[in-house]
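Each value in this text was obtained by applying a stated rule to the coordinates, not by laboratory testing. This structure is a prediction, so every number in the text was calculated from the model and none was measured. Methodologically, a virtual Cβ is constructed for each residue, glycine included, from the backbone with ideal geometry; neighbour enumeration extends over all protein chains shown.
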Amino acid sequence: MADQDSGRAAVKRQSTRFLLLYALAVAGGAVAYVPFLTILLPVRVESMAGGESVGWLAYAAFVGAIAASVANIGFGWLSDLTRDRRYWILGGLVISSILLVALRSADDLATLLGLLVLWQLGLNMMLSPLAAWAGDTVPDQQKGLLGGLLAFAPAMGALSGAVLTIPGMLSADMRMVAVAAIVATCVLPVLLFGRPVALPDLLAATTSQRNLHSGDRRRLVARMWVARLLVQIAEAALFAYLYLWLRSINPDIGDDDAAQIFFGVLFLTVPVSMLVGRWMDRNDRPIFPLGITAGISALALLGMAAAPDLALALAGYAVFGLVSHVFLSLHTAQTLRVLPRPESRGRDLGIFNLTNTVPSPIMSVLTIMLVPVFGFAGLFGLLAGLSGLACVILLTAKRASKT
């Protein structure tokens with residue numbers, strides 16, 4: 001009897017092989033956009049627009065965010081209907097890779113924005129079903145571990161940016177081709193060799209599960225959505241303007257320097273996220289660490305706003321980058337705990353993904369309004385207030401059942 005019980009318990013856990021290959025695929029998704037949006041696109045825009053580069057980047061962030069929002073919900077919903085995420089992931093991989101390479105031909109703002117919109121559509125055809133696939137395959141008792149593994153994604157994205165921008169290694173056009181090749185190398189293994197353990201309970205939530213503390217659950221979902229939105233506004237600002245902010249402090253900073261700083265910060269995110277994620281699983285406290293990391297992010301942004309020199313500015317960014325990415329990695333996994341409807345998981349995650357895309361136009365407006373008048377210090381002060389509010393929202397949240 002004991003052996004039978006242990007066998008049933010083992011079935012409730014996903015295989016380590018699938019978790020690792022899935023994390024590699026998510027890392028490939030990050031490689032698809034992190035080096036492009038943080039380094040390659042700003043560098044190209046600066047070479048094309050010169051002194052108008054901040055405005056150009058704001059327009060690019062705005063239209064890209066709208067396209068990504070619509071595509072993420074739409075393709076998530078379509079993958080719900082077909083009940084097979086893998087074909088959508090493969091199609092998005094192919095389309096986004098082709099369009100990323102095509103972006104090399106953009107030589108004016110209109111062409112750049114048009115190709116950027118199409119690329120966002122293809123990219124989210126891959127990313128949305130990929131995110132929902134985790135909800136179909138990873139049980140709650142491994143969500144913390146999953147969140148820790150997902151921290152590899154931004155680190156891989158930053159590493160690719162640091163490598164691709166090594167001076168003299170690749171031309172600007174060949175960097176796009178290299179990104180597409182790396183993404184395919186990361187994503188294809190889970191599609192070909194993943195073979196996840198079937199966990200039927202994750203695909204068929206019962207009526208009692210859906211109704212259990214439904215009011216508390218809805219309120220928790222709303223709090224998690226708003227808190228992530230607030231932190232993501234701050235993260236999006238640094239994501240898009242890290243390079244330009246560093247150059248405003250020290251004009252000698254190059255694109256390779258920015259990429260290496262970005263990677264160094266995110267590399268530290270991985271072990272910290274793994275440790276915190278395991279703590280969440282063992283103690284069944286998924287919300288508390290999210291509130292703490294949001295609060296530390298607010299303090300780090302205040303430090304960046306007040307930093308008098310490059311050394312202190314980088315120290316503030318290191319703390320912010322570390323804790324904000326720990327927050328985002330773990331939040332992504334814990335979101336799956338509060339969305340209990342498997343038949344609409346892709347669509348619902350697409351709606352939650354608005355917290356990733358809506359911040360870009362908000363951040364763009366804030367940047368255009370604040371930076372010309374108050375500089376980046378004024379912007380970071382406001383962002384600190386938003387992250388502090390996210391901390392309060394999460395730490396005062398009432399848990400729904402065992403969520």
Checklist entry - Taking the simple approach of a point 7 Å from Cα along Cα-to-Cβ for both Ser248 and Leu312, what is their distance in nm? => result 1.7
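Checking the a/c ratio against 1.5 first, then a/b against b/c, what shape does the Cα gyration tensor give for the range 139-200? Spell out each step's value before the answer.
Numbers: a/c = 5.45, a/b = 2.04, b/c = 2.67.
Oblate.
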Next on the checklist: Could you tell me the center-to-center distance, by alpha carbons, between the range 218-233 and the range 13-54 in angstrom?
Outcome noted: 23
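Counting only other residues whose beta carbon sits under 15 Å from that of Val371, what net charge do I get with K and R as +1, D and E as -1? Display every interim value, and only then the final one.
Working: positive: Arg247; negative: Glu52.
Summing Lys/Arg as +1 and Asp/Glu as -1 gives 0.
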Checklist entry - Separation between the Leu192 and Asp173 pseudo-spin-labels, each 7 Å from Cα along Cα→Cβ, expressed in nm? => result 2.9
Checklist entry - So what's the back-of-envelope 222 nm ellipticity for the chain, counting only DSSP H runs of four-plus at -39500 (n - 2.57) apiece and dividing by all residues, rounded to 500? => result -27500 deg cm²/dmol
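How much net charge surrounds Ala390 when only the other residues with a Cβ under 14 Å from the Cβ of Ala390 are counted, with Lys and Arg +1 and Asp and Glu -1?
Values: positive: Arg223, Arg228; negative: Glu235.
Neighbourhood net charge equals +1.
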Checklist entry - Looking at (1) 85, 45, 36; (2) 58, 54, 41; (3) 71, 43, 31, which value of Cα extents along the principal axes in Å comes from a calculation on the structure shown? => result (3)
Checklist entry - How much net charge surrounds Met125 when only the other residues with a Cβ under 13 Å from the Cβ of Met125 are counted, with Lys and Arg +1 and Asp and Glu -1? => result +2
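Using the Kyte-Doolittle scale, find the helices of the chain whose mean hydropathy is at least -1.0 and whose Cα atoms extend 24 Å or more along the helix's long axis, counting only whole DSSP H runs.
On the way: long enough: 16-35 (28 Å, 1.47); 53-82 (42 Å, 1.21); 85-102 (26 Å, 1.41); 109-137 (42 Å, 1.24); 172-193 (33 Å, 2.03); 214-249 (49 Å, 0.55); 255-283 (42 Å, 0.47); 288-306 (28 Å, 1.77); 310-335 (36 Å, 1.35); 359-395 (35 Å, 2.02).
Result, helices passing both filters: 16-35, 53-82, 85-102, 109-137, 172-193, 214-249, 255-283, 288-306, 310-335, 359-395.
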Checklist entry - Which distance in Å, rounded to a whole number, links the C-alpha centroids of the range 345-368 and the range 160-187? => result 27
Next on the checklist: Could you tell me how far the Cα centroid of the range 90-147 sits from the Cα centroid of the range 272-323, in Å?
Outcome noted: 27
